[in-house]
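Undergrad: Quick one: structure below, then a few questions.
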Amino acid sequence: PSPGPTCTTWQWSDAVNGNLNVEWSIVTASGACHPVGTAVPNDAQLKVRATLNREAWLAIGWNTGTAMVGTDAVLGENASPGGNTALRDVMISGKSLGGVANDGNNDVTGSVSTSGGSTVLVFTRPLTGTGGGDMDLL
């Protein structure tokens, strides 16, 4: 999928260790790509597509520190090959599964899917923190 109705290409991308490719764009409320180098409006959203070369859980997160604990994240759960998948807006407060709790706001939309041995996580998230543990990305 493209980032938005009138934003047909991803503005940025990064390949991580040859196993994970992450693409992202800043999209306006109308679905257009936000021009790079200009002030970002409060209603702009971050649109992300992450593709992992195996079937697995996949998360993208933000933290002001350097640790996993305290991270605001979007988690794509893959139960098993061909099994149930779920997209979750979470806050990570510990290093075990018990430390992963649903964000109180749940303002992320998107999907996680598996196909041909790969996992694809696509989501849209507001750039401004909207409560419930969301980090302000502006």
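The values are calculated or read from the model by the stated rules, or taken from the named source; none is laboratory data. Here the structure is a predicted model, which means the values were calculated and not measured. Counting neighbours? That spans all protein chains shown, and the Cβs are built from the backbone with ideal geometry, glycine included. With ligands, DNA and RNA removed, areas are computed over all heavy atoms of the protein, side chains included. Shrake-Rupley method; radii C 1.70, N 1.55, O 1.52, S 1.80 Å.
Undergrad: At q = 0.12, 0.14, 0.17, 0.19 Å⁻¹, what log₁₀ I(q)/I(0) does a Debye calculation on the Cα points of the chain give, no solvent, two decimals?
TA: The Debye formula, applied to the Cα set alone, gives -0.48, -0.66, -0.98, -1.20.
Undergrad: Once neighbouring chains are kept in place and the probe is 1.4 Å, which whole percent of the accessible area of region 12-138 is contributed by carbon and sulfur?
TA: Carbon with sulfur: 52 percent of the solvent-accessible area.
Undergrad: Sticking with this one: Rg over Rh of region 1-41, using C-alpha atoms and the Kirkwood radius, what does it come to?
TA: 1.05
Undergrad: Could you tell me the calculated FRET efficiency between residue 137 and residue 39, based on Cβ-Cβ distance and R0 = 22 angstrom, to the nearest 0.05?
TA: 0.95
Undergrad: Relative contact order (percent) for region 22-105, with alpha-carbon contacts under 8 angstrom and 6 or more residues of separation?
TA: Reported relative contact order: 19 percent.
Undergrad: How big is the equivalent ellipsoid of region 94-133 along its three axes, where each semi-axis is √(5λ) from the Cα gyration tensor, reported in whole Å from largest to smallest?
TA: 23, 17, 7
Undergrad: For 64, 109, give the ranking by accessible area with the largest first, probe 1.4 Å.
TA: The residues order as 64, 109, largest area first.
Undergrad: Next question, about the same structure. Assuming R0 = 25 Å, what is the FRET efficiency of residue 20 and residue 96, from their Cβ-Cβ distance, to the nearest 0.05?
TA: Using R0 = 25 Å, I get an efficiency of 0.60.
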